[in-house]
Amino acid sequence: AVGSCRRRRLAPLNEDNGRFLLLAALIAAYLSAGATVFSALESPSEAAAQLRWNRTLHNFSRIFNISLPELRAFLRSYEAAMAAGIRVDALRPRWDFPGAFYFVGTVVSTIGFGMTTPATVAGKLFLIVYGLFGCAGTILFFNLFLERIICLLAFIMRACYERQLRRSGLLPPNVRRGPAVSGVGRLVGWKPSVYHVMLILGIFAITLSCCASAMYTAVEGWNYVDSLYYCFVTFSTIGFGDLVSNQKATYQHQGLYRFGNFMFILLGVCCIYSLFNVISIVIKQILNWVLKKFECRCCPKCHKSSTRLSRRNAITPGARLRRHNVTVDADGQYDSDTEGRRLSGEMISMRELTASNKVSLAILQKQLSETANGYPRNVCINTRQNGFSAGVGALAIMNNRLAETSDSR
């Protein structure tokens with residue numbers, strides 16, 4: 001049973017592949033559930049709207065004595081005019097400098113409302129090159145914003161944590177922030193909680209959306225629910241285009257409204273991007289928890305044997321070696337008799353116990369040295385890892401900044 005468990009661990013389906021397949025299955029189920037709900041909610045309304053439109057079309061054709069083919073041809077011309085940005089009511093120019101600036105902002109942020117599109121061949125070709133570098137630079141800007149907002153939140157939360165320790169008497173009042181604090185045991189290696197960061201970003205995103213919705217309700221004339229819907233669709237870069245702000249020809253205090261609209265969209269996209277990355281880390285932790293629950297459950301014999309061994313040995317030095325992930329050198333290798341007695345669960349190998357004591361002493365000396373030099377004890381440098389071992393992009397930022405994403409957890 002132990003050999004079969006080892007063979008499964010060496011199989012191509014490792015933890016990363018298992019997490020990927022589990023997430024793919026969950027996304028497929030999530031998409032299917034969403035499609036079912038939206039189909040049940042919107043399909044009857046769509047069928048009723050189509051029935052009303054056919055009835056209106058026939059009544060219009062009969063009352064004004066216009067044939068249906070001629071009426072449909074006129075409606076096709078009207079649809080083409082709408083696609084080109086022409087409306088019955090007067091609208092602002094689409095391709096003046098403010099309109100073009102609004103367009104490129106929706107391009108590089110991947111919002112893509114779709115109310116303005118290039119019509120010339122040169123404009124379409126330029127958009128391909130422009131969007132390639134613009135979207136890449138904007139994603140880099142979002143990642144840098146994420147890093148700085150996490151650093152700011154960590155600084156504030158650390159200050160609150162130090163204040164809480166001082167009030168409870170666990171931190172001396174004469175200790176100041178800086179290198180001296182790193183020597184205090186309760187603050188060594190401290191990182192903010194990913195759940196606290198998610199809560200703060202969520203509150204900020206909700207507050208920002210509520211304030212922006214109040215502005216759009218007052219200026220655009222939408223109801224508050226439509227304004228909240230527009231804020232989420234825009235801030236999350238979905239950008240359906242059914243509601244688009246700043247499209248009327250004139251506004252009261254037009255310059256101030258354009259500036260407010262730009263700032264709300266910029267801050268909203270950055271905040272929602274950061275919140276999405278934090279939520280993705282929480283989802284990854286849930287996937288890891290599910291995978292651990294399924295670990296070795298497929299082999300009941302292996303699970304029973306490991307339980308029996310843990311009961312027969314009250315002290316298991318081998319577990320201490322595995323917990324610290326330390327490889328023993330050639331002097332600490334076990335002979336056949338010692339190894340057999342250790343695996344049988346009958347008695348403790350003296351050679352293993354000696355090696356375990358050496359490992360504990362080395363780890364203790366390492367922790368004392370790092371504490372004296374002001375380095376956090378939970379920092380572990382693995383020279384075998386390459387530059388991509390900790391992840392890249394937003395995932396690497398979250399792993400380095402937050403507590404629940406570190407390897408020690």
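The values are calculated or read from the model by the stated rules, or taken from the named source; none is laboratory data. Bear in mind that the values here come from a model prediction, so they are computed numbers and not experimental data. So basically every Cβ, Gly included, is an ideal-geometry build from the backbone, and we count neighbours across all protein chains shown. For the accessible areas, the whole protein counts, side chains as well, though only heavy atoms, and no ligand, DNA or RNA atoms are used. Shrake-Rupley method; radii C 1.70, N 1.55, O 1.52, S 1.80 Å.
Of the listed requirements (1) open to solvent by 90 Å² or more (accessible area, probe 1.4 Å); (2) in a helix (DSSP H, G or I); (3) more than 27 Å from N277 (Cα to Cα), F133 misses just one: (3). The residues in the range 78-102 that are among the aromatic types (F, W, Y), open to solvent by 50 Å² or more (accessible area, probe 1.4 Å) and not in a loop (DSSP other than H, G, I, E, B) can be counted, and the count is 3. Per the conditions (1) surrounded by fewer than 16 Cβ atoms within 10 Å (Cβ to Cβ); (2) under 20 Å from T138 (Cβ atoms), the sole criterion not satisfied by Y224 is (2).
Taking each residue of the range 209-238 that is without any contact (Cβ under 8 Å) to a residue 24 or more places away in the chain and looking for partners that are outside any helix (DSSP H, G or I) and open to solvent by 10 Å² or more (accessible area, probe 1.4 Å) with beta-carbon atoms closer than 6 Å, six or more apart or interchain, yields Y230/L243; V233/F240.
Considering S236, S274, S245, S280, the condition of being small (G, A, S), within 26 Å of G202 (Cβ to Cβ) and at pLDDT 95 or above is satisfied by S236 alone. Within the range 59-73, being among the hydrophobic types (A, V, I, L, M, F, W, C) and exposed (fewer than 10 other Cβ atoms within 10 Å of the Cβ) holds for I63, F64.
Each residue in the range 1-37 was checked for being over 24 Å from the mean Cα position of the chain (by Cα) and at pLDDT 90 or above, and 2 pass. Scanning the range 105-126 for residues that are aliphatic (A, V, I, L, M) and within 18 Å of G239 (Cα to Cα) yields a count of 4. The set of residues in the range 250-289 being aliphatic (A, V, I, L, M) and open to solvent by 40 Å² or more (accessible area, probe 1.4 Å) consists of L256, M263, L266, L267, I279, I283, I286. Contact annotation: residue pairs with Cβ atoms under 7 Å, 6 or more positions apart or on different chains, pairing a residue in the range 1-27 that is more than 11 Å from L291 (Cβ to Cβ) and in a helix (DSSP H, G or I) with a partner that is of a type in the set (G, A, S) and at pLDDT below 55, are V2/S305. In the set (1) under 30 Å from P93 (Cβ atoms); (2) part of a helix (DSSP H, G or I); (3) open to solvent by 60 Å² or more (accessible area, probe 1.4 Å), T138 fails one condition alone, (3). Step by step: first the residues of the range 113-130, then only those that are over 17 Å from N261 (Cβ atoms) and outside any helix (DSSP H, G or I), then the one that is modelled with the lowest pLDDT. Which residue is that? Among them, the one singled out is A119.
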